[in-house]
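To keep things clear, I will list the structure first and then write my remarks on it.
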Amino acid sequence: MGLQSLTIFDAVKGLREKKFSAVELCRALLERIEAVEPRVHAYMTVDREGALVAAAAADKAYAEGSAGRLCGVPLAIKDNLSTKGLRTTCSSKMLEDYVPPFDATVVARLKAEGSVLLGKTNLDEFAMGSSTENSAFGPTKNPWDLGTVPGGSSGGSAAAVAADLCLGSLGSDTGGSIRQPAALCGVVGLKPTYGRVSRYGLVAFASSLDQVGPITKTVRDAALLSAVLDGYDPMDSTCVDQAVPDYQAALGQGVQGLRIGLPKEYFAEGLEPEVRVAVMAAVTRLEKLGATIVPLSLPNTAHCLSVYYLLAPAEASSNLARYDGVRYGFRAEGVSSLVPMYMKTRAQGFGPEVKRRIMLGTHALSSGYYDAYYLKAQKVRTLIKGDFDRAWEQGVDLIATPTAPAPAFAFGAKTADPLTMYLSDIFTLSANLAGVPAISVPCGYSSKGLPIGLQLLGRAFGEVDLFRAAHAYETSEAWGQKKPVL
Amino acid sequence: MPLKETDVDYVARLARLEISAEERALYTAQLDAILGHAADLSAVDTTGLEPTFHVLPLKNVVREDTILPSMPRAEILANAPDQAKGCFRVPKIIE
Amino acid sequence: MGLQDFQLVSGLEVHVELATRTKIFCACANQFGKEPNTLVCPVCLGLPGSLPVLNAQVVEYAVMAGLALNCTIAGHSKFDRKQYFYPDLDKAYQISQYDLPICLNGWLDIKLPAQQPGGEPLIKRIGITRIHIEEDAGKLLHSAAGGQISAADSSLVDYNRAGVPLIEIVSEPDIRSPEEAVAYLDALKEILLHLGVSDCNMEEGSLRCDANVSMMRKGAAEFGTRAEVKNMNSFKNVAKAMEAEAERQVELLEGGGTVVMETRAWDADKGVTRSMRSKEAAHDYRYFPEPDLVPLDLSRERVESIRKKLPELPEAKRLRLVNEYAIPEYDAGVLSAQAALADYFEAVAKGSGNAKAASNWVMGELTGALNKQGLGITESPVKSAQLGRLIALIDASTLSGKMAKEVFAKMLETGEDPDAIVAKEGLAQVTDQGAIEGVIEAAMAANPTVVAEFRSGKEAVLGFMVGQVMKLSKGKANPALVNALLKKKMAG
Ligand SMILES: [Mg+2]
Ligand SMILES: [Zn+2]
């Protein structure tokens, strides 16, 4: 097993103990990328030179005793996070050549801890999708079966971790975009509490739902990255000024005493039997580890999809209005007056799904429809959030569900009908709507050998409970030891 | 009420998206299907409920009125599709 | 039928740029007249991923304006996105306040000329519907000759102004004439300047006014359809534009036509308003709550603490000056129009103990001299304490009025204290009885025939003798004392 297969935890240990250098580690990853990336297409941009410079600096920092918490750790960044001097495309023709003059807060924090940024990962255009098939630059392949999707929108970030093309990565999650690809690629993905991580520099999709989070090989690694990512940022008005607990310390606490609710609405029709079996086995395991399993109802679950597909496109239609060909990004050629320039730029610069959501969201906000669609959806969101509040009030600490209704599906299987594709996120939407944290952790494989994910949801700012349970479960099973063959 | 192609035209114009005849037909059908699904919400009783515009109870987040350096002009114009005289240039505006 | 058969009805929307140090949502400097695109950052350029954070000073200034305009300050307000495409709007939405503005239901009293000559000026109350906070847009510079938008091949965009904080002050449709509109704008500007929340410079665009104008037949029960007139760059042009729009609408209505609700631009060169209606359908701004900013909840305590910091407003100051210093209404009006002038006056009045003389000096000699030199009151070479002392010297009879003016001229020139000038120039008035009697005796001795004439009953010669005494004293003898003593001595 090469250095590229290490966890972040083991890599940091090895670097500290001088078992290998950061440059050696970085080269191992770059070689792996060279060998495998053409088949997987996890990356939009690989920054070889930048990574090697950062790795050399990391080695120097170790030598000088000034190494940060992630010094020399090679990571990948979803390409909707602003990276200074490194193009940030959102996998859209609109931003194909856009080079940001600033770092997202999360990127700056990773750099400040000495991590080595290998490059930017592929996604569904502007994070809108569940398969990376909406990338303007071709989809990412699932490392477990190159004929299936990696999930999305953070499919590149999840596939890169699964295929050992980085030790860990950042994704963004608006309706499941970290957790669903993590599940489909057999890795760990955390969507933190809304307000836990700064959104400054995350290219906005739906501002009231977006969060940045880690995708890693283990829960411990997710906790390691979260310790760096989480916490107050004065550049984001919705980022909460609240102390970040010691996540590493929490990992060893086990699940003893935790009450885990099983919401019946998440085990109803539409769930593939293999997934149900794997998730129920995981729940049984958690019970054996000391958790108490309680039945639960989240009665407004059925409304999540409708609420989400009004709110997210509405916010998106507004957030994506700025791509007008004036200040940066793509501009249609050969147009000599303003309004046609706007219309052609946006028609040519955006792909079909982005346009569909812009249209949908514009409609939901337009005169005469705001109350019936947007406002109504925000009120039903109050009911959805209320379901969770009631669960916590009933003494439930965590909620266990499948992450996705099915394992990875074949390319093209759901592209014809947007609604079918939207159903891939059916179990992940509620966490974003309610603002609560949720983690996906591998819990087995389908008969075809495709990964299945268990989702755990917690109280707002209850990441510690998620890490405790997910880590206890993960270390009780050996799912993580299996690797895709590439 | 089913979505009409004229609604789609209106929305496309508002969103500054040029759409072809096929796209108009496609979007009309697809948006109508999605909105049809969303119509379930109208049956949900939300009497007396406040909308959840923000999931967090945050209020009054402000910053001090202190100047920090702006960005070098060359850096911001580096991404401009068209520029002149230190400005972003846009095609003529016909009302 | 004609204009006289109609009543003009108008409400004004005034956009005021706030004089904060930084922009509303980022730390770029809020400054006018810098090189294009040198005061911009990811936030005010709307770069992907950037987020707004509200400037605390903007809230404070908006509340100050609201309190000064007698508004209710909302306990709960929020920000919304107003969406439209235009090259000067970096995010393709303006962050503004839609249904929950920060200030509501205020009013402003305006002063109108007396209806009869010599009568009291008329006070009219104009309702303020709301004040909301929003961000300014950038600026379009048109490159072709003449600056005509349509004539240009292309436009240049400068985002230095993008994100400059604004308050929009919306009045009720209480305005009934262009004169009232100007009186309203004058009063509004005076208050905002006093508060220090804006420099209200119309040429630099820090105060901009749009007028909603409609015409109703006299006696009609309902307002007519209104048009919004924009693009006026001075108060005078606001009045002219309203007149022109009134005429246009009346002509239209008289001809059996109807007024269309629309936005019109004032063309100052041609003296007409012109439709700005594009081929676009009516604007559909798709307002929705700004998810990147959290609500603004102002407690009573917070509002009261801002109220305590409010400077005294012109009208309140005027009343106080009349009551406290017993100076005429007119004087109080002039002095209170400018906070620094009133402060100066109050210092002089307190220093001298003679408020009436203080207001005479400040409004007369001092203002005249400063105007001549093009100086403001805060730049006066004569400090308030010095002027107060000068008045005290007059009141103590140390200086005659005439001498005081000489001393004041020297003070203006040198900035020295009056006492120093009096000492240096030997200007002090002689009030010593013995000394004056000495001079009188000398004068009588020099003019025996005049003394004899007086004693024979020709009292008119006394004036001549006063002149002789003053001459001998080189003008320093106290004239009142000279008069009294001379009368006594001459009588023998
Ligand atoms: Mg406005
Ligand atoms: Zn700025």
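The values are calculated or read from the model by the stated rules, or taken from the named source; none is laboratory data. Because the structure is predicted, anything quoted here is derived from the model rather than measured. Because the Cβ atoms are built from the backbone with ideal geometry, glycine has one as well, and the counts that use them run over all protein chains shown. Just so you know, the surface numbers come from the protein's heavy atoms only, side chains and all, with ligands and any DNA or RNA stripped out. Shrake-Rupley method; radii C 1.70, N 1.55, O 1.52, S 1.80 Å.
Please go through region C:360-375 and give me each residue that is of a type in the set (D, E, K, R) and either touching a Ser or Thr at 6+ places or on another chain (Cβ under 6 Å) or surrounded by 13 or more Cβ atoms within 10 Å (Cβ to Cβ) (or both), ordered by number. Steps first, please.
Kept after step one, since they are of a type in the set (D, E, K, R), are these residues of region C:360-375: C:365, C:372.
Within region C:360-375, just C:GLU365 meets the criteria.
With respect to the numbered conditions (1) more than 8 Å from chain A (Cβ to nearest Cβ); (2) within 24 Å of the chain's Cα centre (by Cα); (3) modelled with pLDDT of 95 or more, which one is the sole condition not fulfilled by B:SER70?
(2)
Criterion first (at positive phi and open to solvent by 10 Å² or more (accessible area, probe 1.4 Å)) does A:GLY231 satisfy it? Explain how you work it out, then say what you get.
Values: at positive phi: yes; open to solvent by 10 Å² or more (accessible area, probe 1.4 Å): no.
In short, no.
Test each condition in (1) more than 14 Å from chain B (Cβ to nearest Cβ); (2) under 24 Å from B:LYS59 (Cβ atoms) for A:THR238 and report the one that comes out false.
Checking A:THR238 against (1) more than 14 Å from chain B (Cβ to nearest Cβ); (2) under 24 Å from B:LYS59 (Cβ atoms), the one that fails is (1).
For every residue, the table says whether it meets (1) in contact with a strand residue (DSSP E or B) (Cβ under 6 Å, 6 or more places away or on another chain); (2) assigned to a loop (DSSP other than H, G, I, E, B); (3) within 16 Å of ligand 1 (Cβ to nearest atom); (4) within 11 Å of another protein chain (Cβ to nearest Cβ).
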site: C:TYR86; (1), (2), (3), (4): no, yes, yes, yes
site: C:LEU89; (1), (2), (3), (4): no, yes, yes, yes
site: C:PRO101; (1), (2), (3), (4): yes, yes, yes, no
site: C:TRP107; (1), (2), (3), (4): yes, no, no, no
site: C:ILE110; (1), (2), (3), (4): yes, no, no, no
site: C:ALA114; (1), (2), (3), (4): no, yes, no, no
site: C:GLY118; (1), (2), (3), (4): no, yes, no, no
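Being within 20 Å of A:ILE452 (Cα to Cα) and assigned to a loop (DSSP other than H, G, I, E, B) is the filter; apply it to region A:265-306 and report the residue that is most open to solvent (accessible area, probe 1.4 Å).
Let us first name the residues in region A:265-306 that are within 20 Å of A:ILE452 (Cα to Cα), namely A:265-287.
The next check asks that each one be assigned to a loop (DSSP other than H, G, I, E, B); those that pass are A:268-272.
Values: A:ALA268: 46, A:GLU269: 178, A:GLY270: 65, A:LEU271: 18, A:GLU272: 79 Å².
For region A:265-306, the residue satisfying everything is A:GLU269.
Could you please give the count of residues in region B:54-67 that are open to solvent by less than 30 Å² (accessible area, probe 1.4 Å) and at the interface with chain A (Cβ under 7 Å from one of its Cβ atoms)? Explain how you work it out, then say what you get.
Initially, region B:54-67 is screened for residues open to solvent by less than 30 Å² (accessible area, probe 1.4 Å), giving B:55-56, B:65.
Remaining after also requiring at the interface with chain A (Cβ under 7 Å from one of its Cβ atoms): B:55-56.
So the count comes out to 2.
Listed here are the residues, each with its yes/no results for (1) within 16 Å of ligand 1 (Cβ to nearest atom); (2) within 14 Å of chain A (Cβ to nearest Cβ); (3) surrounded by 21 or more Cβ atoms within 10 Å (Cβ to Cβ).
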{"position": "C:THR129", "(1), (2), (3)": "yes, no, no"}
{"position": "C:LEU156", "(1), (2), (3)": "no, yes, yes"}
{"position": "C:TYR159", "(1), (2), (3)": "no, yes, yes"}
{"position": "C:SER177", "(1), (2), (3)": "no, no, no"}
{"position": "C:TYR184", "(1), (2), (3)": "no, no, yes"}
{"position": "C:GLU190", "(1), (2), (3)": "no, no, no"}
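Name the residues in region C:52-73 that are more than 22 Å from A:ARG327 (Cβ to Cβ) and either within 13 Å of chain B (Cβ to nearest Cβ) or within 16 Å of ligand 2 (Cβ to nearest atom) (or both), would you? Give the derivation first.
Going through region C:52-73, the residues more than 22 Å from A:ARG327 (Cβ to Cβ) turn out to be C:54-73.
Of everything in region C:52-73, those that are more than 22 Å from A:ARG327 (Cβ to Cβ) and either within 13 Å of chain B (Cβ to nearest Cβ) or within 16 Å of ligand 2 (Cβ to nearest atom) (or both) turn out to be C:LEU54, C:ASN55, C:ALA56, C:GLN57, C:VAL58, C:VAL59, C:GLU60, C:TYR61, C:ALA62, C:VAL63.
Here are B:ALA29, B:ALA38: which of them is among the hydrophobic types (A, V, I, L, M, F, W, C), facing another protein chain (nearest Cβ under 7 Å) and assigned to a helix (DSSP H, G or I)? Talk me through it step by step, then tell me what you get.
On the way: B:ALA29 fails: facing another protein chain (nearest Cβ under 7 Å).
Of B:ALA29, B:ALA38, the one residue that is among the hydrophobic types (A, V, I, L, M, F, W, C), facing another protein chain (nearest Cβ under 7 Å) and assigned to a helix (DSSP H, G or I) is B:ALA38.
Consider C:LYS82 carefully, then state whether it is within 16 Å of ligand 1 (Cβ to nearest atom), over 28 Å from C:ALA268 (Cα atoms), charged (D, E, K, R) and part of a loop (DSSP other than H, G, I, E, B). It would help to see each step written out before you state the result.
Details: within 16 Å of ligand 1 (Cβ to nearest atom): yes; over 28 Å from C:ALA268 (Cα atoms): yes; charged (D, E, K, R): yes; part of a loop (DSSP other than H, G, I, E, B): no.
So C:LYS82 does not fit the description; no.
Go through (1) within 30 Å of C:ALA162 (Cβ to Cβ); (2) in a loop (DSSP other than H, G, I, E, B); (3) of a type in the set (Phe, Trp, Tyr) for C:TRP266 and report which single condition fails.
Of everything listed in (1) within 30 Å of C:ALA162 (Cβ to Cβ); (2) in a loop (DSSP other than H, G, I, E, B); (3) of a type in the set (Phe, Trp, Tyr), C:TRP266 misses just condition (2).
May I ask you to list the residues in region C:215-247 that are under 29 Å from the mean Cα position of the chain (by Cα) and either within 12 Å of C:VAL259 (Cβ to Cβ) or part of a strand (DSSP E or B) (or both)?
Step one: of region C:215-247, the residues under 29 Å from the mean Cα position of the chain (by Cα) are C:228-246.
Result: C:GLU228, C:VAL229, C:LYS230, C:ASN231, C:MET232, C:GLU245, C:ALA246.
Say we look at region C:399-408 and pick out the residues that are closer than 20 Å to C:SER359 by Cβ and surrounded by fewer than 19 Cβ atoms within 10 Å (Cβ to Cβ); which of these is modelled with the lowest pLDDT? Working first, answer last.
Filtering region C:399-408 for residues closer than 20 Å to C:SER359 by Cβ gives C:399, C:401, C:404-405, C:407-408.
Filter once more, so that each one left must be surrounded by fewer than 19 Cβ atoms within 10 Å (Cβ to Cβ): C:401, C:405.
On the way: C:GLY401: 84, C:LYS405: 92.
If we take residues in region C:399-408 being closer than 20 Å to C:SER359 by Cβ and surrounded by fewer than 19 Cβ atoms within 10 Å (Cβ to Cβ), then C:GLY401 is modelled with the lowest pLDDT.
Out of C:ALA396, C:ALA357, report the one residue that is buried (at least 17 other Cβ atoms within 10 Å of the Cβ) and within 23 Å of C:VAL430 (Cα to Cα). First the steps, then the outcome.
Working: C:ALA396 fails: buried (at least 17 other Cβ atoms within 10 Å of the Cβ).
Of C:ALA396, C:ALA357, the one residue that is buried (at least 17 other Cβ atoms within 10 Å of the Cβ) and within 23 Å of C:VAL430 (Cα to Cα) is C:ALA357.
Examine region A:332-341 for a residue that is open to solvent by less than 40 Å² (accessible area, probe 1.4 Å) and within 30 Å of A:LEU423 (Cβ to Cβ), and state whether such a residue exists. Steps first, answer last, please.
To start, the set of residues in region A:332-341 that are open to solvent by less than 40 Å² (accessible area, probe 1.4 Å) comprises A:332, A:335, A:337-339, A:341.
Subsequent filtering for residues that are within 30 Å of A:LEU423 (Cβ to Cβ) retains none.
Looking through region A:332-341, none of the residues is open to solvent by less than 40 Å² (accessible area, probe 1.4 Å) and within 30 Å of A:LEU423 (Cβ to Cβ).
Can you tell me which of B:PRO51, B:PRO91, B:PRO81 is surrounded by 15 or more Cβ atoms within 10 Å (Cβ to Cβ), assigned to a strand (DSSP E or B) and not acidic (Asp, Glu)?
Numbers: B:PRO51 fails: assigned to a strand (DSSP E or B); B:PRO81 fails: assigned to a strand (DSSP E or B).
Only one candidate qualifies: B:PRO91.
The rows are residues; the columns are (1) farther than 30 Å from B:ALA12 by Cα; (2) open to solvent by 80 Å² or more (accessible area, probe 1.4 Å); (3) away from chain A (no Cβ under 14 Å); (4) outside any helix (DSSP H, G or I).
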site: C:ARG286; (1), (2), (3), (4): no, no, no, yes
site: C:GLU301; (1), (2), (3), (4): yes, yes, yes, no
site: C:ILE306; (1), (2), (3), (4): yes, no, yes, no
site: C:PRO311; (1), (2), (3), (4): yes, no, yes, yes
